[in-house]
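Structure record follows, encoded as structure tokens.
Bear in mind these aren't lab numbers, they're just calculated from the coordinates by the rules spelled out. None of these values were measured; they are calculated from a predicted model. Cβ coordinates were reconstructed from backbone atoms using ideal geometry, including for glycine residues, and neighbour counts include every protein chain displayed.
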Amino acid sequence: MTLPLTAPLLPKISKRSRRGPWKSSSAASRSMEFFKQRGEQYKAEIIDSIPDDTVSLYDQGGFVDLCRGPHIASTGQIGALKRLTSAGAYWRGDERNPMLQRIYGTSFPTQKELDTYLAKLEEIKRRDHRKLGKELDLITIQDEIGPGLVLWHPKGARIRLLIENFWREQHLKQGYELVYSPHVARLDLWKTSGHVDYYRDNMFASMKVEASEYQLKPMNCPFHIMIYKSHLRSYRDLPIRYGELGTVYRYERTGVLHGLLRVRGFTQDDAHLFCRPDQIEEEVSRVLDFTFFILRTFGFADFEVYLSTRPDKFVGSEENWIVATAGLDAALKGRGVAYRIDPGEGVFYGPKIDIKIKDVLGRSWQCSTVQVDFNNPERFGLSYVGADGKAHQPIMIHRALMGSIERFFGILIEHYAGAFPTWLAPVQAVVLNIPDKHRDYAQWLVGQLTAAGYRAEAGGRRPRDAGENGIGTWPKRSQHGDPGGPGATRPAEGRCGQGRADPVTIKLRGVLSFLNFGSTERFVSGKFGSSAWTENS
RNA sequence: GCUGGCGUAGCUCAAUCGGCAGAGCAGCGGUUUUGUAAACCGCAGGUUGGAGGUUCGAUUCCUCUCGCCAGCUCCA
């Protein structure tokens, strides 16, 4: 059948795949002939690649499938079936191969379980940061500017500033030095670093300036290296930790761009640690602690940790790889972190630890990464003077805790469904003036709140504004009106939809006190502050 | 980049066979007022993503292009 898989056809497929029992049988590799005769070239090709003498086949009403199995014993076990989407997929996952048409669907033993799953998909849709980012006026990505390039609107920028201020403050406490570096540099720098050889496909084209080529930076590391190199280093100076909220530009193929989660210009919360080989474990341990602290502060509690080991193509000595991998391993074990080995998935220049964040819906996102690097110290000829008076080569550790501010923000939006905790909320309080004639008073109150350091906004002139989505998303609300009127002055109260209205007097002092609770303290995950608090002054 | 789908007002969407581009919400001006997704009247809002082509006439058909979405591949 070579009909196009358009929408009207798919319900039929849904229906048909419902009846008949499954039978299973196994056959010798002559089944390759069977599939060839049927014109099912791909199945024959797969059998060809299976070393075993026998393969297992499943027969379902004349549809014979090659499958390691198991298929379910009976289609009667399928209580509920739903087609989800259809999309192309490369044969065997290789983009050089032809594209196949794939239909995605799911089934559950009962309709109820299917409904639960579908409700979760709806919830994911509701939390989509691309939708909320626009609705809450946090960010936009506009065609005229270019795909994958983010505009941070005032409300989004407020949150970013809070994130960045927190980040800087904590890094200083942790003994990092904060640095800045330019957005472009001579192409030669990227030749030295190896990016031109290994990373060119992800770089924007270089530009000619006067007599030399310049390159928009895809990474921050060469700059930090050059700061290290700017003078002689002693073993006593190590470890040296340079941190930077460094904005990088990478050419990502159009099909991979995805809201804030995959962009072309983004800011890494980057740092490079220069240390002696014997300091790797200690430094990595510190980074792990620091990472979990930061992530928990933003409300993330569940993580997936991976240790990626040496790939086939690698640089550096085997001995260094062993030392570095052991250092990462020891740090993870020392901190009691459960992790999985991802064999051969390390970067060519060294092994790494990746930490994926699990959000409230149980989806995981790659953010944090800790990578050991032997390559760059070698390429740039880094050294320090050891206790023996001789030159030694330091080890570099690349690390990002949030990964990129853009991606992290996208995840945050979805994690909180836009209803940020008070310390991060771009609007901590909305002052509603109902009816309109109280606008001046509302403005005055907003002015008072702003002067007191809160993020407040006046909004709405009609009763229904109180129930609006955007306004309901912000943490606190205070409403002002005439006694007994439709917009009667109401107590400041908590976030709409949480069923928690905290009675507070409407006097300015009361509003300030109410806001003060939990407005600046940061949440630690698992301890989401309740707003159960009253004032009766 | 690849396969498939889709671009109409700030947002969500209409527009029959190719025949005058429309509605709700948001906005603005009024009127009104029992407390959480919707009070009433009016006004304004558009180069139908862009460029070509076919046609008396294109939102509609064709070509190219830009972008978005679902995946594949890749990744922070």
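Could you calculate the contour length gain from A:Glu33 to A:Gln174, that is, 0.36 nm times the residue separation minus the distance between their Cα atoms, to one decimal place in nm? Show your work: numbers first, answer last.
Details: separation 141, 0.36 × 141 = 50.76 nm, distance 6.57 nm.
Fully extending the segment from A:Glu33 to A:Gln174 adds 44.2 nm.
A:Arg233's amide H: which non-local residues (gap 5+, or another chain) put their own amide H closer than 5 Å, with H modeled 1.01 Å from N in plane and none for Pro or chain starts?
Those qualifying (amide H under 5 Å, at least 5 residues apart or on another chain) are A:Val385.
From the square roots a ≥ b ≥ c of the eigenvalues of the alpha-carbon gyration tensor of region A:262-405, which class results: rounded (a/c under 1.5), prolate (a/b over b/c), or oblate? If you can, show how the numbers build up before the last one.
Numbers: a/c = 1.76, a/b = 1.73, b/c = 1.02.
Prolate, because a/c is 1.5 or more and a/b exceeds b/c.
Answer rounded, prolate or oblate for region A:130-278, using the Cα gyration tensor with square roots of eigenvalues a ≥ b ≥ c: rounded when a/c is under 1.5, else prolate when a/b is larger than b/c, else oblate.
Taking the square roots of the gyration eigenvalues as a ≥ b ≥ c, region A:130-278 is oblate.
Using a Förster distance of 45 angstrom, determine the FRET efficiency expected from the C-beta separation of A:Asn165 and A:Lys112, and round it to 0.05.
FRET efficiency, A:Asn165 to A:Lys112: 0.45.
Pull out the extension gain between A:Tyr42 and A:Thr54, defined as 0.36 nm times the separation in residues minus the alpha carbon to alpha carbon distance; nm, one decimal.
Working it through step by step, the gained length comes to 2.6 nm.
Pull out the extension gain between A:Glu144 and A:Lys229, defined as 0.36 nm times the separation in residues minus the alpha carbon to alpha carbon distance; nm, one decimal.
Difference between extended and current length: 26.5 nm.
List, in order, the whole-Hz ³J(HN,Hα) value for each residue of region A:205-221 obtained from phi through the Karplus relation with A = 6.51, B = -1.76, C = 1.60 and θ = phi - 60°; use x for Gly and Pro.
Each residue of region A:205-221 in turn: 5, 6, 10, 8, 10, 6, 9, 10, 8, 10, 9, 5, 6, x, 8, 9, 4 Hz.
Please give the peptides A:410-422, A:341-353 ranked by average Cβ packing (other Cβ atoms within 10 Å per residue), highest first, as a rough proxy for protection. Can you show the working numbers first?
On the way: A:410-422: 22.6, A:341-353: 19.0.
Packing proxy ranking, top to bottom: A:410-422, A:341-353.
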